[in-house]
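Student: Provided herewith is a single structure, encoded as C-alpha cells, for subsequent inquiry.
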C-alpha cells in the first residue's frame with residue numbers, strides 16, 4: 001500500500017489517516033485522543049484545595065493548530081473558547097488539506113472564530129494573522145491535534161516562532177508608542193524649523209566604503225585598526241561612539257542620531273566644546289531638537305515611519321517629508337540601513353555587539369563608561385555598576401559570532417534579528433567585530449582581508465571627495481508656515497467641536513459627531529500615545545483628546561510665531 005497518498009483507515013472507533021509511513025492519529029481511539037488534548041487545556045488549580053478550574057485558555061489568545069488532520073477536536077475547542085480568542089489552523093500539505101475537506105469522517109465547523117489556511121510559508125502565516133488582526137491577541141497557544149505536525153515539524157516550528165514574534169513585536173511597538181509617540185510628534189514639529197537650511201539624506205551618494213561605528217565593547221579591539229586605515233573609508237559614527245572616537249583623535253565624517261530624548265545630549269559634549277568642529281549630522285526628523293540645533297546647518301534628515309500618521313501624508317504633499325525609513329528602533333541598525341542607502345560600495349561594521357561581553361554595555365570612553373568610573377569607590381569597584389545594571393535585565397545566553405555563548409536580552413536579540421532581515425544576505429556588508437550576536441554580515445577575520453576590501457576600485461563618476469551632494473529634496477521655508485497654519489486651523493475646529501459636544505446636555509447630533517470623528521482621524525497624532533487601540537467617542541476619552549489638542553495648539557502657535 002503506497003503511503004504517498006493520504007488514506008483514510010477505519011479503526012472501528014473512528015477514522016485515522018495513514019500517510020508517508022505514519023498514522024496521524026491513534027489507531028485505537030483517533031477521535032478521543034484529539035478531544036482529550038483539548039480537554040487537557042483545563043486543569044485543576046490545586047488538587048489539595050477547593051475544586052476550582054484554572055483554564056490555560058486565557059482570553060485574547062490565538063490558538064495555533066499546525067496540521068488540520070480530520071479536524072478532530074475543533075468542535076469541542078470552539079465550545080470552551082474564551083472571549084476574544086481565535087483558532088488558526090495551518091496545513092502545509094496540499095493533499096492533506098484536500099482530504100480534510102472531502103472526506104466524510106468529520107464535519108469541519110463553520111465559525112467566525114476559526115480560520116483554516118493552506119500554506120508552507122511562515123510569512124503566509126504572519127499575513128493571515130495580520131488579516132485577522134494582530135491587535136486582538138495577547139499570546140499564542142500551540143495545540144497539536146494530529147500527527148500531521150511531525151511530517152513538517154521544522155516548517156510548523158518556524159510558523160509558530162514567526163507568529164509569536166509578530167504578536168510580541170506588535171505589543172512592544174504599542175508600548176513604545178505609548179511612551180514615545182507624543183515626544184516624537186513634538187520633536188517633529190520643532191525640527192521643521194531646521195528644514196530650510198538642512199538637506200535630505202538622499203543628497204548623500206557615494207561608491208566608497210562606509211564604516212559604521214557603534215559603541216559596543218568590541219569597539220575597543222578595533223580602534224587601532226580604524227586609525228591605521230582611516231583614509232580608506234567614510235566613517236559614520238553613531239552618537240554614543242562620538243566621544244570615544246574624539247578621545248582617540250579620530251574625527252568621523254558623519255555622526256548618526258536617532259534618540260528623541262535628552263539621554264544622548266552628553267554624547268556631544270566633546271563636540272560642543274570644540275567650536276571648530278563641522279561634522280555633519282544624519283538624523284531622524286524626530287531626533288532631539290537640541291542635538292539638531294547643535295549641528296545646524298550641517299544636517300541631513302530622514303524620517304522614521306513609526307506609525308502611518310495622516311500627518312506624514314500632508315508633509316509629503318508639500319515636500320516637507322524627508323526620505324522615509326522603516327521604524328528600526330536601534331541607532332546601530334538604523335545607521336547600517338542608512339549606510340546601505342548612501343553607498344553602492346561595501347559597508348563595514350564595528351562595535352555592534354547586541355550583547356554584554358564580560359557584562360559590559362559600552363566601550364571605554366563612552367558616557368556610560370565614564371559615569372561608571374566617576375561613581376567607583378571602595379564600596380562600588382570599577383565594573384560593578386555595569387555588572388549590576390546588566391543583571392537587572394532578563395538575560396539570555398545565545399550562540400555568538402565565534403560559536404561560544406554570549407549574554408544578551410530580548411531587546412538586543414530582536415535588534416540583531418531585525419538587522420539580519422534588512423541585510424537579507426547582502427554580500428557587501430562586513431563585520432569587524434568578533435564578539436556578540438551575529439546579524440547577517442560577512443566576518444572579516446584579519447587585517448589582510450580588510451586591506452583587500454578597502455583597495456577595491458570604486459566608481460565616483462569623475463567626482464572627487466568623500467561623497468557627492470545633489471540639490472534634490474530641498475525643503476521650502478514657505479511650506480513650513482503653510483503646514484503649521486493648516487494644523488492650527490484643524491486643531492481649533494476640533495477643540496471647538498469637542499467642547500460643544502461635551503457641553504451638550506442632550507445626545508449630540510449624529511452628523512456632527514461623525515464630522516468630528518473624521519476630523520480627529522486626520523489628527524491621529526493627538527491620541528497615538530493613548531493606551532486604547534482605536535479612536536473612541538466616550539466622554540473620558542474625549543476629555544483626554546481635548547487636553548492633547550489644546551497643548552498641541554499652544555505649541556504650534558509658539559512655533560509659528562518664530563517663523564514670522
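Values quoted throughout were computed directly from the atomic coordinates according to the rules given, and no laboratory measurement underlies them. Just so we're clear, the structure is a prediction, and the values are computed from it rather than from any experiment. Quick reminder, even Gly has a Cβ in these numbers, built from the backbone with ideal geometry, and neighbours come from all protein chains shown.
Student: Fully extended, how many nm does the chain gain between residue 110 and residue 262 (0.36 nm per residue separation, minus their Cα-Cα distance)? Mind showing how you got there, number by number?
Tutor: Details: separation 152, 0.36 × 152 = 54.72 nm, distance 5.42 nm.
Gain on stretching residue 110 to residue 262: 49.3 nm.
Student: What FRET efficiency do you get for residue 485 and residue 397 if R0 is 45 Å and r is their Cβ-Cβ distance, rounded to the nearest 0.05? Working shown, then result.
Tutor: Details: r = 56 Å, r/R0 = 1.24.
It comes out at approximately 0.20.
Student: If you don't mind, there's one more thing I want to ask. Pulled fully out, how much extra length does the chain show between residue 449 and residue 558, if you take 0.36 nm times their separation in residues and subtract their Cα-Cα distance?
Tutor: Details: separation 109, 0.36 × 109 = 39.24 nm, distance 5.51 nm.
Gain on extension, residue 449 to residue 558, equals 33.7 nm.
Student: For a protection proxy built on the mean count of beta-carbon atoms within 10 angstrom, sort 360-368, 154-162, 139-147 highest first, please. Mind dumping the intermediate values first?
Tutor: Numbers: 360-368: 21.4, 154-162: 17.1, 139-147: 18.9.
Top of the packing list down: 360-368, 139-147, 154-162.
Student: Relative contact order (percent) for the chain, with alpha-carbon contacts under 8 angstrom and 6 or more residues of separation? Please report the intermediate quantities before stating the final value.
Tutor: Working: 912 pairs, mean separation 74.1, N = 564.
RCO, the chain: 13 percent.
Student: Moving to a separate point now. With the crude spin-label approximation of a point 7 Å out along Cα→Cβ, what separation in nm comes out for residue 102 versus residue 123?
Tutor: Calculated label separation equals 3.0 nm.
Student: Let me ask something else about it. Mind sorting 283, 358, 392 by how few other Cβ atoms lie within 10 Å of their own Cβ, fewest first? Could the numbers behind the result be given before it?
Tutor: Working: 283 29, 358 11, 392 7.
Going from least to most buried by this count: 392, 358, 283.
Student: Work out the FRET efficiency for residue 29 and residue 131 from their Cβ-Cβ distance, taking R0 = 60 Å, and round it to the nearest 0.05.
Tutor: Numbers: r = 36 Å, r/R0 = 0.60.
Taking R0 as 60 Å, the efficiency between residue 29 and residue 131 is 0.95.
Student: A further question on this structure: Going by a ≥ b ≥ c, the root eigenvalues of the Cα gyration tensor, does region 195-457 fall in the rounded group (a/c under 1.5), the prolate group (a/b larger than b/c) or the oblate group?
Tutor: Working: a/c = 1.39, a/b = 1.23, b/c = 1.13.
Verdict is rounded for region 195-457.
Student: How high is the relative contact order of region 78-147, in percent, counting Cα pairs under 8 Å that sit 6 or more residues apart?
Tutor: About 39 percent, as a whole number.
Student: Next question, about the same structure. Could you work out how far apart the two model spin labels at residue 79 and residue 251 are, taking each label as a point 7 Å from the Cα in the direction of the beta carbon, and quote it in nm?
Tutor: For the pair residue 79/residue 251, the computed spacing is 7.8 nm.
Student: Also: Could you give me the radius of gyration and the Dmax of the chain, taking only the C-alpha atoms into account and expressing both in angstrom?
Tutor: Final numbers for Rg and Dmax: 28.7, 89 Å.
Student: Where does each of 213-226, 190-203 land if you order them by average Cβ count within 10 Å, highest first?
Tutor: Working: 213-226: 22.1, 190-203: 20.4.
Averaged packing, sorted descending, gives the order 213-226, 190-203.
Student: On to the next question. If you count, for each residue, the other Cβ atoms within 10 Å and average over each peptide, how do 311-320, 528-537 line up from highest to lowest? Can you show the working numbers first?
Tutor: Numbers: 311-320: 16.2, 528-537: 13.4.
Highest to lowest by the protection proxy: 311-320, 528-537.
Student: So how much slack lies between residue 4 and residue 39, counting 0.36 nm per residue of separation and subtracting their Cα-Cα distance, in nm?
Tutor: Values: separation 35, 0.36 × 35 = 12.60 nm, distance 3.25 nm.
Length difference between fully extended and current span is 9.3 nm.
Student: Rounded to the nearest 0.05, what FRET efficiency do residue 225 and residue 358 have when you use their Cβ-Cβ distance and R0 = 25 Å? Please list the in-between numbers first.
Tutor: Working: r = 20 Å, r/R0 = 0.81.
About 0.80, to the nearest 0.05.
Student: Under a crude label model (7 Å from the Cα following the beta-carbon direction), how far is residue 293 from residue 502 in nanometres?
Tutor: 3.2 nm
Student: In whole Å, how far is the Cα centre of region 73-94 from that of region 208-228?
Tutor: 51 Å
Student: Suppose a student asked you for the relative contact order of region 195-457, using Cα pairs under 8 Å spaced at least 6 residues apart; what percent would you report? Let's see the in-between values first.
Tutor: Details: 465 pairs, mean separation 60.8, N = 263.
After rounding, I find 23 percent.
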